[in-house]
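The values are calculated or read from the model by the stated rules, or taken from the named source; none is laboratory data. Everything quoted here is computed from the prediction, not taken from an experiment. Cβ: placed from backbone, ideal geometry, glycine included. Neighbour counts: every protein chain shown. Keep in mind that these areas ignore ligands, DNA and RNA; they rest on the heavy atoms of the full protein, side chains included. Shrake-Rupley method; radii C 1.70, N 1.55, O 1.52, S 1.80 Å.
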Amino acid sequence: MRTTLAETSRAGLAKQVEDIVMSAPVTDIHTHLYDPAFKELLLWGIDDLLVYHYLVAEGFRYFDLPYDKFWSLSKTAQAELIWDALFLQHSPVSEACRGVLTTLNAMDLDVKKRDLPVLRGWFASQTVDEHITRCMELAGVRKIFMTNSPFDDLERPVWEKGFRRDDRFAAALRIDPLLLSWPETAPMLARWGYKVEAGVPPRKTFDEVRRFLADWTKRVSAHYVMVSLPAEFEFPAKNITTQLIERAVLPHCREHGMPFALMLGVQRATNPQLKLAGDGIGLSNLAVLQNLCAGYPDNKFLTTVLARENQHELCVLTRKFRNLHPFGCWWFTNVPHLIDEITRLRLELLGLSFTPQHSDARVLDQIVYKWQHSRRVIAQVLVDKYSDLARTGWQVSRAEIERDVKDLFGGAFDHFCQH
Ligand code: HDL
Ligand code: ZN
């Protein structure tokens, strides 16, 4: 059957958009990866890929063994149980399973043979430095934002000792314990020399918390401050969390021109026996976001929400507040079906003033699949939207597509952080 002009032009547009989206460099604005100076904190290789907490949760749906038995096994033994259950006994169709195979395939490793020892042998022959370069090139990632917590006993000493930074890794200051566990955190700050112990007048306490935030912002060269908040988080509320946000975190962020990144909707330890894999989801009351954006117009808020049901309201709030920048399809929404739905919703409601994705990678190799999978979905959504424009007679040029994709892949984020 004859191909119509419209079909030819759509095919040409699709090829152009896919080429641009699949190859554009991207800034990965939230991961749990580390500068190689943190040594074993930077996870990489086949066994870390297989024991990723997403796969642990999926694996336990087939395991008969008790949770504690699994946790007592070596990483290698855990990886073998997961490989057997999720790859050999059942087809690896889940996003986290397919991701492992996408990554191995991108590294020219033959997954057809299903030979885990051979795969292990290849990774054992790699060095971390060459592997960082390889993964960032395959993923098209030019900068990796870490999650840096002064409250992490393994991470803190490395910062205190100091090290030469790898400029491919940027820092974000993560402060969950400060805001969510003040009674346990205040004594830690006191031990570190900040006068916050009980009985200290509130004003002095909040000034000392600001000094702590300033010291660590400088130490790690943080680009933003970040916290993950439970679904039941309320703001304002008559509690120390609200006071710390209002009297320390927000003034600090204003003084340093930094966004405050809110990740809303986690329900920690839904099943504690799954450890890191045990967190779940809750519906957030996004009035907290409205109150923060409206009440603090001189602060900037990066936000991602965990519940699919919160995504539309986040877009509407973003239309109301230019100091709000939504980012990513976070965690349980980082699957093709929802990346498509959420990105389509955002483009249709916001245009290009948002950041569609971050990887949230915990294992270096994951940036390869998380970005290849996301790019493919984002490209398809953009093809549809540009095709919708073409039907009006508006033809986007290659340069305009490249400009738009540059914005989505870090440009809009950089602009938001700097202005
Ligand atoms: O709080 C967070 O930053 C989340 O991303 C958690 O780390 C979660 O465990 C995760 O890795 N999600 O992808
Ligand atoms: Zn995360």
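For labels at Cys417 and Ala190 in the simple 7 Å Cα→Cβ model, what's the distance in nm?
My value for the distance between the label points is 3.6 nm.
Apply the Karplus curve 6.51 cos²θ - 1.76 cosθ + 1.60, θ = phi - 60°, to the phi angles in the stretch 382-399 and return the couplings in whole Hz, x for Gly and Pro.
Ordered by residue, 3J(HN,Hα) equals 5, 4, 4, 6, 5, 5, 4, 5, 4, 5, 8, x, 7, 9, 7, 7, 4, 5 Hz.
Using a 1.4 Å probe over the heavy atoms of the protein chains, calculate the carbon and sulfur portion of the accessible area of the chain as a whole percent. Write down the numbers at each step before the final one.
Numbers: 10140 of 18970 Å².
Within the chain, the accessible surface is 53 percent carbon and sulfur.
Just want the answer: with Cβ charges of +1 for Lys and Arg and -1 for Asp and Glu, which residue in His358, Phe87, Leu292 is farthest toward the dipole's positive end in the chain?
With unit charges placed on the Cβ atoms, the residue in question is Leu292.
When a/c reaches 1.5 or more, the comparison of a/b and b/c decides; with that in mind, is the stretch 91-146 rounded, prolate or oblate per its Cα gyration tensor? Intermediate results must be reported in sequence, preceding the final value.
Values: a/c = 2.40, a/b = 1.30, b/c = 1.84.
Verdict is oblate for the stretch 91-146.
Which one of His223, Ile245, Met188 is farthest out on the positive end of the charge dipole of the stretch 175-326, using unit charges on Cβ (Lys, Arg +1; Asp, Glu -1) and the Cα centre as origin?
Result: His223.
From the Cα gyration tensor of the chain, with a ≥ b ≥ c the square roots of its eigenvalues, which class applies: rounded if a/c is under 1.5, or else prolate if a/b is larger than b/c, or else oblate?
Oblate.
Within the stretch 144-159, name every residue whose backbone N is under 20 Å away from a label modeled 7 Å from Cα of Ala269 along the Cβ vector.
The answer is 151-154.
Classify the stretch 175-326 as rounded, prolate or oblate from the Cα gyration tensor: take a ≥ b ≥ c as the square roots of its eigenvalues, call it rounded if a/c is under 1.5, otherwise prolate when a/b beats b/c and oblate if not. Intermediate results must be reported in sequence, preceding the final value.
Values: a/c = 1.86, a/b = 1.27, b/c = 1.46.
Oblate shape, in that a/c is at least 1.5 and b/c is the bigger or equal ratio.
Under 5 Å between amide hydrogens, which residues at least 5 positions from Leu229 or on another chain qualify, with H placed 1.01 Å from N in the peptide plane?
Met263, Leu264, Gly265, Val266
Using θ = phi - 60° and the Karplus curve 6.51 cos²θ - 1.76 cosθ + 1.60, what whole-Hz ³J(HN,Hα) does each residue of the stretch 154-167 get, with Gly and Pro shown as x?
Ordered by residue, 3J(HN,Hα) equals 8, 7, 3, x, 5, 5, 5, 6, x, 6, 7, 6, 8, 6 Hz.
Specify which residue in the list Ser9, Leu264, Asn323 is farthest towards the positive end of the charge dipole of the chain, using unit charges on the beta carbon of Lys, Arg (+1) and Asp, Glu (-1), about the Cα centre.
Asn323
Gap in Å between the Cα centre of the stretch 70-121 and the Cα centre of the stretch 270-313?
32
Anyone know which of Ser91, Ser23, Ser125 comes out most mobile in the 10 Å Cα GNM of the chain?
Its mean-square fluctuation being the largest, the pick is Ser125.
Going through the cross-link list Lys69/Lys370; Lys320/Lys370; Lys113/Lys370, which pairs have a Cα-Cα distance over 27 Å in this structure? Intermediate values should be presented prior to the final figure.
Details: Lys69/Lys370 30 Å; Lys320/Lys370 31 Å; Lys113/Lys370 23 Å.
Distance filter (> 27 Å) returns Lys69/Lys370; Lys320/Lys370.
Please identify every one of the chymotrypsin sites (Phe, Trp or Tyr not before Pro) in the stretch 185-263 that sits in a loop by DSSP and has no more than 15 other beta carbons within 10 Å of its own beta carbon.
For chymotrypsin sites (Phe, Trp or Tyr not before Pro) across the stretch 185-263 that sit outside H, G, I, E and B with at most 15 neighbouring Cβ atoms in 10 Å, the list reads Trp192.
Report the calculated FRET efficiency for Asp110 and Lys75 (r = Cβ-Cβ distance, R0 = 25 Å), to the nearest 0.05.
Numbers: r = 23 Å, r/R0 = 0.93.
That pair, Asp110 with Lys75, gives E of 0.60.
Relative contact order for the chain using alpha-carbon pairs under 8 Å, separation at least 6, rounded to a whole percent?
Working: 623 pairs, mean separation 93.0, N = 419.
So the answer I get is 22 percent.
Round to a whole angstrom and tell me the spacing of the C-alpha centers of the stretch 332-374 and the stretch 173-217.
34
Calculate the dipole size of the chain relative to its Cα centre from +1 charges on Lys and Arg beta carbons and -1 charges on Asp and Glu beta carbons; express the result in debye to the nearest 20.
Values: 50 positive and 52 negative charges, 156 e Å.
The dipole magnitude comes to about 760 debye.
For the stretch 333-372, count all C-alpha to C-alpha pairs, find those more than 10 Å apart, and express that count as a whole percent of the total. Let's see the in-between values first.
On the way: 564 of 780 pairs.
So the portion of pairs separated by more than 10 Å is 72 percent.
For the pair Arg398 and Glu160, how long in nm is the line joining their label points, each one 7 Å along Cα→Cβ?
It works out to 5.5 nm between the two label points.
Please list, in order along the stretch 303-316, the HN-Hα scalar couplings obtained from phi with the Karplus expression 6.51 cos²θ - 1.76 cosθ + 1.60 (θ = phi - 60°), rounded to whole Hz, x for Gly and Pro.
Couplings: 9, 9, 10, 8, 7, 4, 6, 8, 5, 5, 5, 4, 5, 5 Hz.
Beta carbons within 10 angstrom, averaged per residue: use that to sort the peptides 185-191, 243-249, highest first. Don't skip to the answer; put the middle values down first.
Working: 185-191: 16.6, 243-249: 20.3.
Top of the packing list down: 243-249, 185-191.
Using a 1.4 Å probe, what is the accessible area per residue for the chain, in Å²?
Accessible surface, normalised per residue, equals 45 Å².
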